[in-house]
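Just below is one structure, and these are the notes that go with it.
The values are calculated or read from the model by the stated rules, or taken from the named source; none is laboratory data. This one's a predicted model, so the numbers in the text were calculated from it and none came from an experiment. Counting neighbours? That spans all protein chains shown, and the Cβs are built from the backbone with ideal geometry, glycine included.
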Amino acid sequence: MPRGNQGSMRAAVAVQRGVVHCEDVAIPVLDAGEVLVRTRSASICGSDLHMVITGWAVPEFPAFPGHPGHEAVGEIVESRSEKFAEGDLVLTTPHIWNSRCFADYQAIDDAHVLKLDADVDIDSVALAQQLGTVVYAAKRLPTSLSGRTCVVVGQGSAGMFWNFTLKKLGAEKVISIEPLSWRRDIGARYGADETIDVTGELATQAVKDLTDGMGADLVIEAVGSTATLSQAFHLVRNEGMVVLFGLPESDGPVPFDYSQMFRSRADAFTVFGSQDEQGLTSYREAVRLIDSGEIDVAPIISHRVNISEIDRAFETARDRVDRAVKIGITFD
């Protein structure tokens, strides 16, 4: 255990847009109210790809060591907080601009860690961070989706968590749009009743065919691309609902089909702020869902790559090769 934060650690460093290396850097020094977490398991989120590849919310490169990783479980090895003690196992839930979990150690304020039972499966429960953001977003939906048809655009891990959540809320039919066959197959295990293997206008027409020309009652955009942002408003029925869950592609203005949004009269919203929820209740629920076995996240974790090969991990996630879905990061 580093005492007084002496020594160095391995950390991912985004040296420029699209380029990530593992480097030896200094272990961070704690401020009051912070804990030092030894990372034991982490994973790459689609938002990490956006931030590294396009520079969204990254003011300059090189980025801070460990950034933008935010999905992680670790053990507290030093504490300057009255709320947590050395040895506590925790889920880290930082704001994206403070996220630094792609490193052997991360310093994090005590408002953004959630204590876990010592016997949880650390590799599985690390996905509670992302699942928690979906649980949080779903609180803005109707309490029951009985009789509703929903479309989920994208079957990365977030899209699959949406399949599960929508069915849990009683959705009659969940339609997924995903061009990659293995992601469609896994997504069906989480609740997709119909899968569409094309994109763009062909996918829009397929949704119309499956909904008698009406469009879906609810559309979840879980990709974050400019194209799918506009497409969402072509997939939804008049006066339906659109959840813009995917992270923006860039900090700059993003064009979209405002005319179609206007004509559809859709109720659309973005989701941000699960990290500030009182008591981190959505993350607590996500941990419960995983730890109880109500959702089995193991099929989503397609790869495990050591932090020393973080460049290969990002390349696999970016290029979606070798049947990639969620890339886990190990620290042994």
> If you scan region 64-89, which residues turn out to be closer than 20 Å to ASP123 by Cβ, surrounded by fewer than 21 Cβ atoms within 10 Å (Cβ to Cβ) and of a type in the set (A, V, I, L, M)?
Replying inline: VAL77, LEU89
> Do you know which residues across region 103-129 are surrounded by 17 or more Cβ atoms within 10 Å (Cβ to Cβ), over 14 Å from ARG38 (Cα atoms) and not charged (D, E, K, R)?
Replying inline: HIS112, LEU114, LEU116, VAL120, SER124, VAL125, LEU127, ALA128, GLN129
>> Can you say whether SER41 is outside any strand (DSSP E or B) and among the hydroxyl-bearing types (Ser, Thr, Tyr), as far as the supplied structure shows?
In response: no
> Out of (1) surrounded by 18 or more Cβ atoms within 10 Å (Cβ to Cβ); (2) in contact with a Pro (Cβ under 6 Å, 6 or more places away or on another chain); (3) assigned to a strand (DSSP E or B), the odd one out for ARG10 is which?
Replying inline: (2)
> Are any residues in region 105-123 over 23 Å from LYS326 (Cβ atoms) and either basic (Lys, Arg) or in a helix (DSSP H, G or I) (or both), and if so, which ones?
Replying inline: ASP110, ALA111, LYS115
>> Can you go through THR204, THR228 and tell me which one is of a type outside the set (Asp, Glu), outside the structural domain of ALA111 (by TED's automatic domain parsing) and over 27 Å from LEU127 (Cβ atoms)?
In response: THR204
> Since ILE290 meets every condition but one in (1) farther than 21 Å from VAL153 by Cβ; (2) touching a Lys or Arg at 6+ places or on another chain (Cβ under 9 Å), which condition does it not meet?
Replying inline: (2)
> Only one of these conditions is not met by LEU49: (1) surrounded by 22 or more Cβ atoms within 10 Å (Cβ to Cβ); (2) hydrophobic (A, V, I, L, M, F, W, C); (3) not in a strand (DSSP E or B). Which number is it?
Replying inline: (1)
> How about region 260-280: which of its residues are under 13 Å from GLY215 (Cβ atoms) and among the polar types (S, T, N, Q)?
Replying inline: GLN260, SER264
>> Would you confirm whether or not region 178-188 contains a residue that is assigned by TED's automatic domain parsing to the domain that holds PHE233, among the acidic types (Asp, Glu) and in contact (Cβ under 8 Å) with a residue 24 or more places away in the chain?
In response: yes
